[in-house]
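Asks: My questions all concern the structure below.
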C-alpha cells in the first residue's frame with residue numbers, strides 16, 4: 001500500500017495552569033473549575049502518513065505509549081464520524097512527560113484531529129471538531145482553539161486570554177500522578193470563590209493557587225520536593241494541573257542548580273498562539 005500524502009514534524013505543545021480553583025461539583029460528579037491555561041514551547045512531535053486501506057497504525061519513536069492512547073482514539077473517532085475511507089500511520093516523538101498535569105495526551109489528540117482533518121481533506125471547521133475533542137477529554141478543546149485561555153465549567157467554557165511574554169522553568173519529578181486519584185480525594189478543596197479575569201489580569205503570574213496541589217503533595221512526596229527545590233532558589237513555584245510537574249517564572253539571568261537525578265528540567269517560554277492555529281477555519 002503506497003503512502004501518498006504526509007504531514008511531518010507536526011507539534012503538539014504542552015500547557016501550564018497559572019492557577020486552578022475548584023468552585024463546585026455537579027450532580028454527575030464532575031468538578032467545576034476556573035483556570036488560566038497557557039501554551040508553552042515544550043511539545044511532542046507527530047508525523048502523519050496517509051493510508052488508503054483505511055488502517056490506523058501508530059509507531060512510538062521515543063517512549064512506548066499505551067495501546068489505546070488518545071491519538072488513536074482521536075483518529076478512530078474522526079474516521080468513524082466523517083465516514084472517510086482513509087487511514088493513517090501516526091508516528092509520535094513523545095517529549096512532554098505523562099502524568100505531569102501538562103496536557104500532553106490531550107494536546108496530541110488535538111493535533112491528531114487537526115492534522116487528519118487536513119490529511120484526509122475533510123476541511124471541517126472548528127465547530128465540528130470541538131465536540132469530538134470534548135468527548136475525548138476536557139482539555140482537548142483548549143488545544144483545538146489554540147490560544148491561551150480563561151477556562152471554566154468542566155473545561156468547556158473557554159475565553160481567549162492575552163498574556164505577556166515570560167520564561168519558565170518546569171520540573172517533572174520521576175513519580176507521576178493520576179488525575180482521578182486527586183479528584184476523588186476526600187480532602188480536596190471544592191469551594192473556592194469565583195474569580196474574575198480582571199483580578200487575574202492585574203497579576204497574571206502571581207494569582208490564586210492550585211487547589212489540587214495540597215492533595216498532590218500528600219499523595220506524591222516528590223511534588224513537595226519539587227516545590228522546595230524551587231523555593232531554595234528564591235523562586236515562587238506552583239504545580240500545574242493535577243501534577244506532578246511544578247513550575248516557576250524565571251528571568252533571563254536566573255541560575256538554577258541541578259535537579260535530582262532522573263528528573264526532567266525544561267526551560268521554556270509561553271506561546272501567544274498554537275503553531276497549528278491556522279490549520280482550521282474558526283467559525284465559533
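The values are calculated or read from the model by the stated rules, or taken from the named source; none is laboratory data. These figures come from a predicted structure and were not determined experimentally. Because the Cβ atoms are built from the backbone with ideal geometry, glycine has one as well, and the counts that use them run over all protein chains shown.
Asks: Name the single residue, out of those in the range 20-53 being surrounded by 12 or more Cβ atoms within 10 Å (Cβ to Cβ) and not in a strand (DSSP E or B), that is nearest to the chain's Cα centre (by Cα).
Replies: Across the range 20-53, the extreme among qualifying residues is 30.
Asks: Which of the residues spanning the range 54-96 are loosely packed, with under 11 Cβ neighbours inside 10 Å, within 24 Å of residue 138 (Cβ to Cβ) and either modelled with pLDDT of 95 or more or touching a helix residue (DSSP H, G or I) at 6+ places or on another chain (Cβ under 8 Å) (or both)?
Replies: 80
Asks: How many residues, within the range 234-253, are loosely packed, with under 15 Cβ neighbours inside 10 Å, modelled with pLDDT of 95 or more and either in contact with a strand residue (DSSP E or B) (Cβ under 9 Å, 6 or more places away or on another chain) or closer than 24 Å to residue 182 by Cα (or both)?
Replies: 2
Asks: Does the range 139-170 hold any residues that are in contact with a helix residue (DSSP H, G or I) (Cβ under 8 Å, 6 or more places away or on another chain) and part of a loop (DSSP other than H, G, I, E, B), and which are they?
Replies: Listed by number, the residues that qualify are 139, 146, 155, 156, 161.
Asks: Of the conditions (1) part of a loop (DSSP other than H, G, I, E, B); (2) in contact (Cβ under 8 Å) with a residue 12 or more places away in the chain; (3) surrounded by fewer than 24 Cβ atoms within 10 Å (Cβ to Cβ), residue 214 satisfies every one except a single condition; which number is it?
Replies: Here residue 214 clears every test but (1).
Asks: In the range 147-174, which residue that is in contact with a strand residue (DSSP E or B) (Cβ under 6 Å, 6 or more places away or on another chain) and over 30 Å from residue 220 (Cβ atoms) is surrounded by the most Cβ atoms within 10 Å (Cβ to Cβ)?
Replies: Taking the candidates together, the pick is 147.
Asks: Just wondering, is there one or more residues in the range 267-278 that are without any contact (Cβ under 8 Å) to a residue 24 or more places away in the chain, touching a strand residue (DSSP E or B) at 6+ places or on another chain (Cβ under 9 Å) and more than 16 Å from residue 175 (Cβ to Cβ)?
Replies: Checking the range 267-278: not a single residue is without any contact (Cβ under 8 Å) to a residue 24 or more places away in the chain, touching a strand residue (DSSP E or B) at 6+ places or on another chain (Cβ under 9 Å) and more than 16 Å from residue 175 (Cβ to Cβ).
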